[in-house]
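What follows draws every value from the coordinates through simple rules; no lab data is involved. Just so it is clear, the structure is predicted and the values come from calculations on it, not from any experiment. Note that each Cβ is placed from the backbone with ideal geometry, even for glycine, and that neighbours are counted across all protein chains shown.
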Amino acid sequence: MAYQFLKTGTAEGIIEIKLDRPPLNVLTIPMMEELVSAFRWAKAEPGALILLSAQGKAFSAGVDVADHTPDKVEAMIDVFDRIFLTMAEIDKPVAAAVNGAALGGGYELVLACDLVVASEKARFGQPEITVGVYPPLACYFLPRLLSWPRAMELLLGGEVFDAARAAQLGLVNRVLPPENFADGVREYLRKFTALSPVVLALTKKAAKAGLNKDLAGGLKEIDRIYLQELMQTRDAVEGLQAFLEKRKPVWQGQ
């Protein structure tokens, strides 16, 4: 796919969407429209997982302040929301590789991902409150990812914090040196791409199915996915058979 503000590609089971509006990858309305399109493409593209990365010294400094003005704010909120609604429809795991600042709307993109790999020089935060607004998607995600007091501290204080702090809060899976960061990210992701892409997707689907449900309701939907979807795949049969036969499974992705 060809975009003005993004680069995309697929290699070794990884479908990559790279923000390409350096140096800060400030999100404009046209760039966000491209992100909606790119995530729709990635949803249909064969591969084990999606990697959201960035070109430049920042992952993203957030949404362009010029797009918050009264004449543009409704269009900005509409396309911004559509990015996350599109991401929510994707069963493939989505990973973020953050090698710089991820602030405001840029950090909200990271919060919507399933896995986060950061370099030691990464910075995160929702500083919107310091300019008199709040981050809509972070108001949704952070209370679900953190305790209420910690979520409110980040939302109400506008703190910008480093990768070590993000890892301490449980908001980052792995912190890597900035040198050869891209190679380190792919090395980390290999443990996922070595697995069945269809089973990865169904596992994420099952985990999402249990969210915000009581135990009985969650288990009912998780068990339905297991019996009616997972156990109908060739890879589930192959994985179990390979274990019994004491051999390495050969995944077919279906």
For the range 80-214, using Cα atoms only, the Rg and Dmax in Å read 15.3, 46
Of Ala102, Ala151, Ala42, the most mobile residue in a GNM of the chain (C-alpha springs, cutoff 10 Å) is Ala151
Along the range 126-143, Karplus-curve 3J(HN,Hα) (6.51, -1.76, 1.60; θ = phi - 60°) to the nearest Hz, with x for Gly and Pro, reads 10, x, 4, 4, 6, 10, x, 9, 10, x, x, 6, 5, 5, 7, 6, 4, x
The range 173-213 -> Rg/Rh from Cα coords, Kirkwood Rh, value 1.15
Cα-based Debye curve of the range 197-244 sampled at q = 0.23, 0.30 Å⁻¹ gives log₁₀ I(q)/I(0) of -0.78, -1.04
Extension length gain for Lys220 and Arg82 (0.36 nm per residue less Cα distance), in nm, is 46.8 nm
Computed over the range 6-193, the relative contact order (Cα-Cα under 8 Å, seq sep at least six) in percent reads 19
CD proxy, 222 nm, the chain: helix-only mean residue ellipticity via -39,500 (n - 2.57) per DSSP H run with n ≥ 4, per residue, nearest 500, stands at -14000 deg cm²/dmol
The set of residues whose placed amide H lies less than 5 Å from the amide H of Arg123, leaving out same-chain residues fewer than 5 positions away, is Gly100, Ala101, Ala102
Placing +1 on each Lys and Arg Cβ and -1 on each Asp and Glu Cβ in the range 197-244, then taking the dipole about the Cα centre, the residue among Leu215, Val198, Thr233 whose Cα reaches farthest towards the positive end is Leu215
Once Val133 and Phe243 are pulled to full extension, the length gained, defined as 0.36 nm per residue separation minus their Cα-Cα distance, is 34.2 nm
Pseudo-spin-label distance Lys191 to Ala11, built 7 Å along Cα→Cβ, given in nm, is 2.3
Computed over all unlike Cα pairs, the Kirkwood hydrodynamic radius of the chain in Å stands at 19.2
Using alpha-carbon coordinates alone, the radius of gyration and Dmax of the range 56-127 in Å work out to 13.1, 39
Computed on Cα atoms, Rg of the range 87-167 relative to 2.2 N^0.38 Å comes out at 1.04
If amide H atoms are modeled at 1.01 Å from N in the peptide plane, then the residues at a separation of 5 or more from Leu49, or on another chain, having amide H under 5 Å from its own are Ile15
The distance between the Cα centres of the range 205-241 and the range 139-172, in whole Å, is 30
To the nearest 20 debye, the range 6-193 has a Cα-centred charge dipole, built from +1 on Lys and Arg Cβ and -1 on Asp and Glu Cβ, of 480
For the range 6-193, percent of DSSP beta bridges that are antiparallel (nearest 5) comes out at 30
Env charge @ Ile129, Cβ radius under 15 Å, K,R +1 / D,E -1, value -4
Dimensionless Rg/Rh of the range 107-152, both radii on Cα and Rh by Kirkwood, sits at 0.97
With Cα coordinates, the longest principal axis of the chain makes an angle with the long axis of helix 197-209, in degrees rounded to 10, of 60
